[in-house]
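Laboratory data are not the source of any read-out in this text; all were calculated from the coordinates shown. Only a predicted model underlies this, so the values are computations on that prediction, with no experimental measurement involved. Cβ placement follows ideal geometry from the backbone for every residue including glycine, while neighbour counts extend to all protein chains displayed.
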């Protein structure tokens, strides 16, 4: 299994995109430990998004896409959507609203 993921710096909101064979949660821990220059200088990080692939070529192509001009626009929309939706998540001490469909 292969993954493409976005890590966002909590320090400056920069986004790091990479493809890997490792689970994104494992790579997040490694990055938070300072395994490479970008992530070392931009810690702490949060995992904001990932995609799963069966083929390494597909994950590498998707990583390159997100680093391209149009892909950067899509990445920005994904991150904005995730961040906007996070504002509306229920608090742990509050129950979620009940939804009923009326016919």
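Descriptive notes on the structure:
- Taking other C-beta atoms within 10 Å as the exposure proxy, 39, 60, 20, 81 rank 81, 60, 20, 39 from fewest upward.
- If you plug the beta carbon distance of residue 72 and residue 25 into 1/(1 + (r/R0)^6) with R0 = 25 Å, you get a FRET efficiency near 0.50.
- Mean Cα-pair separation over length for segment 2-73, i.e. relative contact order, pairs under 8 Å, 6 or more apart, %: 39
- Hypothetical label at residue 54: residues of segment 1-25 whose amide nitrogen lies under 13 Å (7 Å Cα-Cβ projection): 1-2
- Shape summary: segment 2-73 maps onto an equivalent ellipsoid whose semi-axes, from the alpha-carbon gyration tensor, are 20, 15, 9 Å in decreasing order.
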